[in-house]
Ligand SMILES: [Zn+2]
Ligand SMILES: [Zn+2]
């Protein structure tokens, strides 16, 4: 019975993920497009809603970001989003090629 529930939750999760990625693929961690996964904005462990689309956003999954090569989902883990984003501030990802 527990397995059945877990399967259902996975199905719901996939459906929600597809819906979110159809709307946007801009990663919540690095701000680049091309996300292939979604993550909870507030981790479920921290009281976030597991299947609430309001609590889910695109994020780069196992393959990482094609633009900045960060493994955004790995970096985020269960950390609050603000904490993960703060780690990026040493570089301006939006500066454009002229700054390189
Ligand atoms: Zn990313
Ligand atoms: Zn990126």
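The values are calculated or read from the model by the stated rules, or taken from the named source; none is laboratory data. Just so we're clear, the structure is a prediction, and the values are computed from it rather than from any experiment. As a convention, Cβ positions derive from the backbone with ideal geometry for all residues, glycine included, and neighbour counts pool all protein chains shown.
Couple of notes before you dig in:
- Screening region 51-65 for residues that are away from ligand 2 (no atom under 11 Å from the Cβ) and assigned to a loop (DSSP other than H, G, I, E, B) and picking the one that is nearest to the chain's Cα centre (by Cα) gives 61.
- Each residue in region 62-72 was checked for being at pLDDT below 95 and in contact with a strand residue (DSSP E or B) (Cβ under 6 Å, 6 or more places away or on another chain), and 0 of them qualify.
- If you check 30, 68 for being farther than 27 Å from residue 6 by Cβ, assigned to a loop (DSSP other than H, G, I, E, B) and in contact with a helix residue (DSSP H, G or I) (Cβ under 7 Å, 6 or more places away or on another chain), only one passes: 30.
- The residue that is modelled with the highest pLDDT, counting only those in region 82-94 that are closer than 22 Å to residue 47 by Cβ and within 12 Å of ligand 1 (Cβ to nearest atom), is 84.
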